[in-house]
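Worksheet: the structure to be examined is printed underneath.
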Amino acid sequence: MTLKATSTSEIITKAESYDGIRAGIVRLNDVLSSPSYQTPQRPRTETQMDDAQVASWPQEAQTVLLLGLRHSDDNPRLDYWESGDTWGNRRLREISENLKQWLREKYDLAAHPLPYHLEKGGLFLKDAAVLSGIGIIGRSNLLIHPEWGPRIRLRSILLEGKWQLSEVLENFKPCETCKVYCQKACPVKAFPKGKFSRPICLKQMNADVANKVPEGEMGDDGQRNLVIKYCRACEFACPVGA
Ligand code: B12
């Protein structure tokens, strides 16, 4: 089934009607052939999340609706890991469910929100976001959105059928003339020779897990919940969207 271009733009407009959301549409097969899928050893992560496992993707679902939620400096709580997930992920999951319902009512189409982790049936989200025109990959190794810079978090929904695709961003090359503030800001120097090192970055992430802080919601015991505040130094140093 190929839907008309008007339907595609209606869906993007609907998704972007949620506060702080940008959206794009990309072919699933294009995501599955992107650079992250060519890496010989797929990195695994141990963190648990509220997401349910998706055992298999429906065969008719050939398109990906990509969502990006703004995580601005003045709303750090969105990034806090509290009681099994981040607040940003909870918001993205809620918006995905609303969109799923809307797509069924409006187009009689099945949509399948995907989990965050690859291990649970998710996609490599930065690659999908580049290919759906939401941003580009910067020297921080993060997705850079033209308005919000790297201060954006991602989520994907599988859609049935073939859709008019979003266009990738052309002529947005902010890192070409930048003094690479992101790499210089890294507390553990995770960019040896200018390239992102996952094991070095992980040292910082593990230290953040070990240093939870009582800045969450008020618990039953009258104490604030412990939260993980993952490092965002490379992200906050980026002048794009600052
Ligand atoms: C595992 C993981 C981690 C691991 C390992 C990260 C890694 N890059 O290997 C650890 C725990 C270290 C980590 C750290 C962080 N993470 Co993380 N992480 C993930 C996760 C679950 C998978 C990423 C992954 O394994 N990628 C595969 C590896 C091999 O590829 P890569 O290093 O990312 O590089 C690829 C791309 O850059 C791509 N690429 C490069 N150029 C181009 C060009 C084109 C055209 C295309 C298509 C692709 C492409 O190719 C590279 C591989 O060859 C994703 C969520 C998801 N489902 O995708 C979040 C995710 C990438 N993380 C995210 C964030 C925010 C962070 C942190 C800032 C911590 C935090 N506060 O949350 C740091 C930042 C580290 C950094 N500078 O990259 C965000 C990124 C948002 C953004 N704006 O980019 C994501 C998307 C999650 C989300 N909530 O939206 N993370």
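Step by step: first the residues of region 57-115, then only those that are farther than 24 Å from Gly216 by Cβ and among the polar types (S, T, N, Q), then the one that is farthest from the chain's Cα centre (by Cα). Which residue is that? Spell out how you get there, then give the answer.
Step one: filter region 57-115 for residues farther than 24 Å from Gly216 by Cβ, giving 57-68, 98-114.
So of that shortlist, the ones also among the polar types (S, T, N, Q) come out as 59, 62-63, 98, 101.
Details: Gln59: 24, Gln62: 19, Thr63: 17, Asn98: 18, Gln101: 21 Å.
Per the stated criteria, the residue is Gln59.
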Search result, residues across region 111-121 that are of a type in the set (A, V, I, L, M, F, W, C) and touching a helix residue (DSSP H, G or I) at 6+ places or on another chain (Cβ under 7 Å): Ala111
With the checklist (1) surrounded by 13 or more Cβ atoms within 10 Å (Cβ to Cβ); (2) modelled with pLDDT under 95 in hand, flag the one item Glu46 doesn't pass. (1)
Kindly indicate whether Gly121 is at pLDDT below 95 and within 17 Å of Gly216 (Cα to Cα). no
Going by the structure shown, is Lys189 over 22 Å from Asn89 (Cα atoms), outside any loop (DSSP other than H, G, I, E, B) and not assigned by TED's automatic domain parsing to the domain that holds Leu109? no
Say we look at region 214-242 and pick out the residues that are at pLDDT below 95 and hydrophobic (A, V, I, L, M, F, W, C); which of these is farthest from the ligand (Cβ to nearest atom)? Met218
Considering only residues that are in a loop (DSSP other than H, G, I, E, B) and either open to solvent by less than 70 Å² (accessible area, probe 1.4 Å) or free of Cβ contacts under 8 Å to residues at least 24 places away in the same chain (or both), which ones fall in region 192-225? Lys195, Ser197, Asn211, Lys212, Pro214, Gly216, Gly219, Asp220, Asp221, Gly222, Gln223, Asn225
Within region 91-105, is even one residue within 13 Å of the ligand (Cβ to nearest atom), in contact with a helix residue (DSSP H, G or I) (Cβ under 9 Å, 6 or more places away or on another chain) and assigned by TED's automatic domain parsing to the domain that holds Tyr37? yes
Please work out which one of (1) in contact (Cβ under 8 Å) with a residue 60 or more places away in the chain; (2) open to solvent by less than 20 Å² (accessible area, probe 1.4 Å); (3) more than 9 Å from the ligand (Cβ to nearest atom) is the condition Pro174 fails and give its number. (2)
Looking at Leu125, Leu131, Leu65 in this structure, which one is touching a residue at least 24 places away in the same chain (Cβ under 8 Å), of a type in the set (A, V, I, L, M, F, W, C) and open to solvent by less than 10 Å² (accessible area, probe 1.4 Å)? Leu65
Condition set buried (at least 21 other Cβ atoms within 10 Å of the Cβ) and not in a loop (DSSP other than H, G, I, E, B), scope region 137-147, selection nearest to the ligand (Cβ to nearest atom): answer is Leu143
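The values are calculated or read from the model by the stated rules, or taken from the named source; none is laboratory data. What you see is a predicted model; the values in this text were computed from it and never measured. Glycine gets a Cβ as well: all are built from the backbone with ideal geometry, and neighbour counts include every protein chain shown. Remember, those area values only see protein heavy atoms, side chains included, never the ligands or the DNA or RNA. Shrake-Rupley method; radii C 1.70, N 1.55, O 1.52, S 1.80 Å.
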